[in-house]
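Structure record follows, encoded as structure tokens.
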Amino acid sequence: MKTLMIAASAAVLSMVAVSAAQAQAYGTVGYAGVEADDANLGALQGRLGYRFNPYLAVEGEAAFGVSDDTVSGVDVELKHEVGVFGVVTAPLSPSFELFARAGYTGASFDTTLGDLDTDGFAYGVGGQYNVTDKDGVRLDWTRHDHDDVEADVWSIGYSRKF
């Protein structure tokens, strides 16, 4: 799983480095609320993406836990999450767009019962309001549908086009 995630991240970063006239790189940083089974956790989240045209992009993301929870006497902490996604965008105006994304993610949790590493399919939807040509605010929901843990992640963040 780690080899797949490293290869996918390298692919995203190499696409960001090679830009075409119509293509555009972007990044986001923000906060994510994670509802993993019964635990409510918080994370700092970052993304790097590469938009091939106004409708298609690929993005990698990484998150690190900043808020833990206790469920039935068991302490739960998100150590980290990484993923890679394909993104389909619907620009509704120069200032607002909707998007859907699907990809593969892996996460590591630390609990008082032991560590849990999990990975699987993830999908979600969201929107972005562009305040300027380069700056925006992004809100999205992503469902992580792993065998060991299912999680709903709501995130809000600052977006910057490069």
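What follows draws every value from the coordinates through simple rules; no lab data is involved. Small disclaimer: the values here were computed from a predicted structure and weren't measured. Here the Cβ positions follow ideal geometry from the backbone for every residue, glycine too, while neighbour counts run over all protein chains shown.
Find the relative contact order for the chain and round it to a whole percent, using C-alpha pairs within less than 8 Å whose residues are 6+ positions apart.
21 percent
In nanometres, what is the gap between the two model label sites at ALA102 and ASP133, each 7 Å from Cα along Cα-to-Cβ?
Between ALA102 and ASP133, the simple spin-label model gives 3.5 nm.
About the Cα centre, and with charges only on the beta carbon of Lys, Arg (+1) and Asp, Glu (-1), how big is the dipole of the chain? Nearest 20 debye, please. Let's see the in-between values first.
Details: 10 positive and 23 negative charges, 249 e Å.
Computed charge dipole of the chain: roughly 1200 debye.
In the neighborhood of GLY86, defined by Cβ-to-Cβ distances under 9 Å, what is the net charge if each Lys or Arg adds +1 and each Asp or Glu adds -1?
Details: positive: ARG101; negative: GLU59.
Counting the neighbours of GLY86, the net charge comes to 0.
Restricting the calculation to Cα positions, tell me the Rg (one decimal) and the Dmax (whole number) of the chain in Å.
15.9, 55
With the radius of gyration and the Kirkwood radius both derived from the Cα set of the range 65-113, what is their ratio Rg to Rh?
1.24
For a label point 7 Å from the Cα of GLU150 along Cα→C-beta, name the residues of the range 110-125 whose backbone N is under 18 Å from it.
Those under the cut-off are 118-125.
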